[in-house]
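Notes follow the structure.
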Amino acid sequence: MVDRDETISCRAGVDSDSAHGSVMPPLYLSANYSFADFNEKREYDYTRSGNPTRSTLADAIAKLEGGAGAVITSSGMSAVDLVLAQLPQDALVIATHDCYGGSWRLFEARARKGQIRIQYANLRDADAVGAALAQQPALLWIETPSNPLMRIADIASLAKRAKATGAKVAVDNTFLSPVLQKPIALGADYVVHSTTKYLNGHSDVVGGAVVAAAAADAEELRWWANCTGVTGAPFDSWLTLRGLRTLHVRLERQQATAARVAARLSELPSVAVVHYPGLETHPDHELAARQQSGFGAMLSFELAAGADIRTLTRNLRHFALAESLGGIESLIAHPATMTHAAMSPEARRAAGIGDNLLRVSVGLEHPDDLIADLELALSHAVARAR
């Protein structure tokens, strides 16, 4: 019998302690482990190489994503870099033109050192994708929904086209988690997460994960993670495992609230446009409905001309002005000066990230309170501009 995702998240490591019968899996903080005898290593010898707590988390995430194995890393960015480490020298990477600012910064930095070549493409433009893939890339980097404009890329179609050219396919699934999207089932070779976000869900740990569809790729990821030392700490893994147990119930409530917030924002004259795939007016709504099992709890919106962003953020009570996302608390961010500040102005313009854009991570507060808070802050922002 195959367990459903909710059961996998909830039961990961539960009642598996053979030493004392603890219901919750223990936290193994030891840096090293003794050998059973001379030249006779046990399953674990050194925590950089392997750790029972980290293994429990990796196994759970791999099962949720439908992969052959996973590696837990020290951050979302080290997870991205671990995928790049699988590429040969001077390999061409095609990445979505509207990716996360930190990913863009890493791609550019690796390219400057001559380790990869990077080219960006609008992955919703079939001709642009065709031209990019014609250059025989080693990796196609997909981020869907995109950060922060919530654009949807067709994973199945892109993966099929990329693999026909011999390219591997990596998908950043941070915004939706395996609860709402399964990239491996759609053809991805790698799935990347910043576990800091929804998988942990409490904004109290930084971590990452890479899941591989193939066992051989999973083994290579583990080798490189040990070699470079990017593996996550045991305590961070324990915290993330604890958060993973409530992932489904958190996301269910958060995305229901996000849908209400997006709908209300779209009615306000102070808001020019709302980017949320759950809205039927979103250009990728049908693709999102087909590819995903939910629309998620992230959205962004652009202020109408005249509304003052600083006044808006200063008058919010229930949205912290902060980076990151996916926690139980609601956050608001200004991508141009925060999450995507590392991108050049030209790259932001090409991606469509304007100075009037705000990104929202919807938490577990009551939806009526969040909506009222936004309405009042927006009214101040408009009044201040007059």
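The values are calculated or read from the model by the stated rules, or taken from the named source; none is laboratory data. On a predicted model such as this, the values are computed, not experimentally measured, just so you know. Glycine also receives a Cβ, built like all others from the backbone with ideal geometry; neighbour counts cover every protein chain displayed.
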**Message:** If I ask for residues that are touching a residue at least 40 places away in the same chain (Cβ under 8 Å) and in a loop (DSSP other than H, G, I, E, B), which ones from the stretch 58-98 would you list?
**Reply:** Gly66, Gly67, Ala68, Ser74, Ser75, Ala85, Gln86, Leu87, Pro88, His97, Asp98
**Asked** Which ones in the stretch 325-341 are surrounded by 17 or more Cβ atoms within 10 Å (Cβ to Cβ) and more than 20 Å from Arg314 (Cα to Cα)?
**Response** Gly326, Gly327, His340
**Message:** Condition first: closer than 20 Å to Gly326 by Cα and polar (S, T, N, Q). Now tell me which residues in the stretch 260-302 satisfy that.
**Reply:** Gln292, Ser293, Ser300
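May I ask you to say which residue of Leu374, Leu357 is surrounded by 14 or more Cβ atoms within 10 Å (Cβ to Cβ), out of contact with any Cys (no Cβ under 6 Å at 6 or more places or on another chain) and under 16 Å from Met150 (Cβ atoms)? Steps first, please.
On the way: Leu374 fails: under 16 Å from Met150 (Cβ atoms).
One residue alone meets the criteria, Leu357.
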**Tally, over the stretch 342-351, of residues that are surrounded by 15 or more Cβ atoms within 10 Å (Cβ to Cβ) and over 20 Å from the mean Cα position of the chain (by Cα)** = 1
**Message:** Looking only at helices (runs of 4 or more DSSP H) that lie completely in the stretch 145-255, which have at least 1 residues being over 17 Å from the mean Cα position of the chain (by Cα) and closer than 22 Å to Val71 by Cβ?
**Reply:** 155-164, 215-228, 234-244
**Request:** Can you confirm whether the stretch 164-173 contains a residue that is among the charged types (D, E, K, R) and over 29 Å from Ser49 (Cα atoms)?
**Result:** no
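Taking Arg48, is it closer than 15 Å to Pro234 by Cα, modelled with pLDDT of 95 or more and not in a strand (DSSP E or B)? Spell out the reasoning first.
On the way: closer than 15 Å to Pro234 by Cα: yes; modelled with pLDDT of 95 or more: yes; not in a strand (DSSP E or B): yes.
In short, yes.
Might you let me know whether the stretch 367-376 holds any residue that is on the phi < 0 side of the Ramachandran plot and part of a loop (DSSP other than H, G, I, E, B)?
So in the stretch 367-376, the residues on the phi < 0 side of the Ramachandran plot come out as 367-376.
Keeping just the survivors that are part of a loop (DSSP other than H, G, I, E, B) gives none.
No; the residues of the stretch 367-376 include none that is on the phi < 0 side of the Ramachandran plot and part of a loop (DSSP other than H, G, I, E, B).
Identify, from the list Glu6, Glu43, the residue that is over 17 Å from Leu239 (Cα atoms) and either aliphatic (A, V, I, L, M) or part of a helix (DSSP H, G or I) (or both).
Working: Glu43 fails: either aliphatic (A, V, I, L, M) or part of a helix (DSSP H, G or I) (or both).
None of the others qualify; the one that does is Glu6.
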**Condition check for Phe295: crowded, with 18+ Cβ neighbours inside 10 Å, among the hydrophobic types (A, V, I, L, M, F, W, C) and assigned to a loop (DSSP other than H, G, I, E, B)** = yes
**Request:** Give Leu364, Leu325, Leu358 a once-over and let me know the one that is in contact with a strand residue (DSSP E or B) (Cβ under 7 Å, 6 or more places away or on another chain) and part of a loop (DSSP other than H, G, I, E, B).
**Result:** Leu325
**Prompt:** Among Ala256, Ala262, which is the only one that is of a type in the set (Gly, Ala, Ser) and either surrounded by 19 or more Cβ atoms within 10 Å (Cβ to Cβ) or touching a strand residue (DSSP E or B) at 6+ places or on another chain (Cβ under 8 Å) (or both)?
**Reply:** Ala262
**Asked** When you go through Val210, Val191, Val169 one by one, which is the residue that is in the same structural domain as Gly50 (by TED's automatic domain parsing), under 27 Å from Tyr276 (Cβ atoms) and in contact (Cβ under 8 Å) with a residue 60 or more places away in the chain?
**Response** Val191
